[in-house]
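Q: Before I ask anything, let me first share the structure, which is written out below as structure tokens.
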Amino acid sequence: MSRRRGRFWGGLALLLVVAALVFYVWATEPVRYMAPAAPDASVRGNPYLAAQTLLENWQRPTRRIFSTGALFPLPDTGTTLILDEYRGELGSGRIDALFDWVQRGGHLIVAARPAYHYVADETGDKDGNSERTGGNDDPLLTPLGLHAVAVETDTEDDPFTTLLDRFQPMESLFLEYCLGDNDGDLSPQCEALTCEAPPLPAPATWVFADGDRRQLLASPGQALQHRPTDLLPALPSSKADNAEGAQLVHLSWGDGQMTVLAGLTLWDNQHLHYFDHAWLLEQLIGDGPVWFVQGIDMPPLPLWLWQHAWPLMLALLLALAAWLWRRLPRPGPQWHAAEADRTDYLGHLLALGHFHWRTGQSERLTAPLRDEARRRLDLLHPDRDQALTIAAERLALPEGALRDALNSGGDTQQPRPRDRQQWADRVAILQTLRSRL
């Protein structure tokens with residue numbers, strides 16, 4: 001009866017659990033939400049990580065270059081080079097090498113320097129062909145007559161918006177104020193800050209001979225301008241532009257190609273998926289590797305310091321060497337005072353004798369002494385027995401003791417000493433024979 005009752009309560013509990021699960025699924029609705037998260041360090045440190053990943057998927061190996069030492073010597077012409085606008089450390093010799101590399105079949109994609117690098121004088125004509133003054137020309141694009149110019153907008157800037165753009169903490173505080181407004185009526189500034197997206201220029205359009213049209217994101221605030229030169233008298237038809245000016249110019253030069261962009265923002269992590277940017281990247285690159293050359297406007301810090309402050313660096317190195325010379329210890333030969341040497345010579349002899357006795361090598365200690373005592377005894381009388389009798393009388397020692405001391409050890413049949421004391425007594429008799437005869 002108890003077993004049936006247990007089964008009943010167990011089945012009831014299982015039924016209640018199933019009913020609770022069914023009720024939970026029926027009464028709740030799953031909701032998905034997005035939470036802001038900071039990008040990974042690899043994404044923050046590489047603005048072209050998305051483009052590199054896409055190229056790797058297309059079996060195009062990529063590499064990032066940060067110095068002229070890594071860029072030169074230039075790779076083979078099957079490699080596509082993408083240079084950003086920060087390249088002030090190229091120099092005329094390297095620029096000539098780049099031009100020769102393009103003419104031999106390479107493809108160079110380069111972004112024009114920002115518009116603030118150029119200063120226009122007041123002698124420009126109505127078409128905008130002003131003469132540039134100062135030494136801020138872009139030597140890489142000057143032979144082509146291409147440079148970036150600032151694009152002026154027709155809309156008047158709001159002073160309040162300009163102030164927020166220049167002082168980011170104030171923008172955060174004002175945004176918090178706008179989001180905390182409970183009245184429901186937003187001021188025009190709050191509405192613009194919370195609801196309106198930042199204005200973007202009209203996309204640039206690339207029209208091909210077959211009528212195909214591709215759109216690209218225009219570089220905010222600048223466009224490419226061209227002045228006729230001997231190398232490029234007029235802009236080629238292969239270009240992308242909008243109402244503000246050209247944004248991309250693609251031309252053939254010798255056996256190679258050169259593409260000039262108003263900016264590389266169309267291939268960064270935030271804009272690669274816009275419009276036809278990925279398509280453009282695939283069309284411009286070849287079948288070989290792609291190198292992204294970034295930030296060679298500033299050489300490595302040690303090289304820059306040596307170029308601009310080598311006397312100071314040399315003086316600091318000498319000062320460091322002098323400080324180390326004074327601070328590091330320089331020990332001379334060690335000297336020990338005579339009274340500090342307390343070697344116990346007698347103790348050393350006792351330890352040596354104990355070692356020989358313990359290891360059965362006592363004969364090595366007494367053999368020289370016994371030989372000396374026998375030579376002294378032979379001087380008394382040619383007959384050994386007569387000599388022993390004379391020695392016993394002179395030394396007042398038992399003749400048997402003298403005989404035992406002289407005949408023990410070696411190849412004789414005389415038994416060895418029983419203990420250390422008997423051995424010491426025999427050594428004393430031998431010492432007496434050597435010293436008193």
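Q: Among the listed residues Arg44, Arg7, identify the single one that is without any contact (Cβ under 8 Å) to a residue 12 or more places away in the chain and either within 19 Å of Leu264 (Cα to Cα) or of a type in the set (S, T, N, Q) (or both).
A: Working: Arg7 fails: either within 19 Å of Leu264 (Cα to Cα) or of a type in the set (S, T, N, Q) (or both).
The conditions single out Arg44.
Q: So, one more: Return the total of residues in the stretch 43-93 being in contact with a Phe, Trp or Tyr (Cβ under 9 Å, 6 or more places away or on another chain), within 21 Å of Gly105 (Cα to Cα) and hydroxyl-bearing (Ser, Thr, Tyr).
A: Residues flagged as in contact with a Phe, Trp or Tyr (Cβ under 9 Å, 6 or more places away or on another chain), within 21 Å of Gly105 (Cα to Cα) and hydroxyl-bearing (Ser, Thr, Tyr) within the stretch 43-93 amount to 4.
Q: If Trp279 meets every condition in (1) farther than 22 Å from Ser42 by Cα; (2) of a type in the set (A, V, I, L, M, F, W, C); (3) crowded, with 20+ Cβ neighbours inside 10 Å apart from one, which number is that one?
A: It fails just one condition, (3).
Q: Being under 28 Å from His273 (Cα atoms), open to solvent by 60 Å² or more (accessible area, probe 1.4 Å) and modelled with pLDDT of 85 or more is the filter here, so list the residues in the stretch 1-59 that pass it.
A: Thr53, Glu56, Asn57, Trp58, Gln59
Q: Restricting to the stretch 239-253, give me the number of residues that are among the hydrophobic types (A, V, I, L, M, F, W, C) and open to solvent by 20 Å² or more (accessible area, probe 1.4 Å). So that I can check it myself, show each step before the final result.
A: The first filter runs over the stretch 239-253 and keeps only residues among the hydrophobic types (A, V, I, L, M, F, W, C), leaving 240, 243, 246, 248-249, 251, 253.
From what is left, the residues that are open to solvent by 20 Å² or more (accessible area, probe 1.4 Å) are 243, 253.
So the answer is 2.
Q: Could you give me the residue pairs with C-beta distances under 6 Å whose first residue belongs to the stretch 239-251 and is closer than 11 Å to Gln215 by Cβ, whose second residue is assigned to a strand (DSSP E or B) and aliphatic (A, V, I, L, M) wherever it lies, and which are 6+ apart or on separate chains?
A: Close Cβ pairs (under 6 Å, with a partner that is assigned to a strand (DSSP E or B) and aliphatic (A, V, I, L, M)) amount to Ala240/Ala204; Ala240/Leu216; Ala240/Leu248; Asn242/Ala204; Gln247/Ala204; Gln247/Ala240.
Q: Looking at the stretch 287-322, which of the residues that are modelled with pLDDT under 80 and either polar (S, T, N, Q) or within 23 Å of Leu108 (Cβ to Cβ) (or both) is surrounded by the fewest Cβ atoms within 10 Å (Cβ to Cβ)?
A: That would be Gln307.
Q: Looking at the stretch 79-113, which of its residues are open to solvent by 10 Å² or more (accessible area, probe 1.4 Å) and closer than 19 Å to Glu282 by Cβ?
A: Matches in the stretch 79-113: His107 only.
Q: Applying the selection to the stretch 367-405, what residues are touching a residue at least 40 places away in the same chain (Cβ under 8 Å) and within 11 Å of Ile429 (Cβ to Cβ)?
A: Step one: list which residues in the stretch 367-405 are touching a residue at least 40 places away in the same chain (Cβ under 8 Å), which gives 367, 369-370, 372-373, 376-377, 379-380, 391, 394-395.
Residues satisfying the conditions are Leu369, Arg370, Ala373, Ala391, Leu395.
Q: Determine if the stretch 2-22 includes at least one residue that is over 30 Å from Leu141 (Cα atoms) and under 26 Å from the mean Cα position of the chain (by Cα). If you could, list the steps in order and put the result at the bottom.
A: The first filter runs over the stretch 2-22 and keeps only residues over 30 Å from Leu141 (Cα atoms), leaving 2-22.
From what is left, the residues that are under 26 Å from the mean Cα position of the chain (by Cα) are none.
Scanning the stretch 2-22, I find no residue that is over 30 Å from Leu141 (Cα atoms) and under 26 Å from the mean Cα position of the chain (by Cα), so the answer is no.
Q: Would you say Gly256 is touching a Lys or Arg at 6+ places or on another chain (Cβ under 7 Å), surrounded by 11 or more Cβ atoms within 10 Å (Cβ to Cβ) and either under 21 Å from Arg60 (Cβ atoms) or of a type in the set (Asp, Glu) (or both)? Step through it out loud before you land on a result.
A: Values: touching a Lys or Arg at 6+ places or on another chain (Cβ under 7 Å): yes; surrounded by 11 or more Cβ atoms within 10 Å (Cβ to Cβ): yes; either under 21 Å from Arg60 (Cβ atoms) or of a type in the set (Asp, Glu) (or both): yes.
Yes, satisfied.
Q: Restricting to the stretch 197-214, name every residue that is open to solvent by less than 80 Å² (accessible area, probe 1.4 Å) and in a strand (DSSP E or B).
A: Once the filter is applied, which keeps residues that are open to solvent by less than 80 Å² (accessible area, probe 1.4 Å) and in a strand (DSSP E or B), the stretch 197-214 yields Ala204, Thr205, Trp206, Val207, Arg214.
Q: Can you tell me how many residues in the stretch 219-238 are over 13 Å from Gly145 (Cα atoms) and either crowded, with 20+ Cβ neighbours inside 10 Å or in contact (Cβ under 8 Å) with a residue 60 or more places away in the chain (or both)?
A: First, the residues of the stretch 219-238 that are over 13 Å from Gly145 (Cα atoms): 219-223, 237-238.
Filter again for either crowded, with 20+ Cβ neighbours inside 10 Å or in contact (Cβ under 8 Å) with a residue 60 or more places away in the chain (or both), leaving 219, 221-223.
Going through the stretch 219-238 one residue at a time, the tally reaches 4.
Q: Could you name every one of the helices (runs of 4 or more DSSP H) located completely within the stretch 343-398 that has at least 3 residues being open to solvent by 50 Å² or more (accessible area, probe 1.4 Å) and modelled with pLDDT of 80 or more? Walk me through how you get there before you give the answer.
A: Working: elements: 345-358, 363-378, 384-395.
Ranges flagged: 363-378, 384-395.
Q: While we're on this one: So which residues in the stretch 47-75 are assigned to a loop (DSSP other than H, G, I, E, B) and touching a residue at least 60 places away in the same chain (Cβ under 8 Å)?
A: Pro47, Tyr48, Trp58, Arg60, Pro61, Phe66, Ser67, Pro75
Q: So, one more: Is it the case that some residue within the stretch 127-146 is open to solvent by 60 Å² or more (accessible area, probe 1.4 Å), modelled with pLDDT of 60 or more and not aliphatic (A, V, I, L, M)?
A: Yes, the conditions are met somewhere in the stretch 127-146.
The values are calculated or read from the model by the stated rules, or taken from the named source; none is laboratory data. Given the structure is predicted, the values throughout are model-derived calculations rather than measurements. When we count neighbours, we look across all protein chains shown, and the Cβ atoms used for this are built from the backbone with ideal geometry, even at glycine. Just the protein is used for accessible areas: all its heavy atoms, side chains included, with ligands, DNA and RNA removed. Shrake-Rupley method; radii C 1.70, N 1.55, O 1.52, S 1.80 Å.
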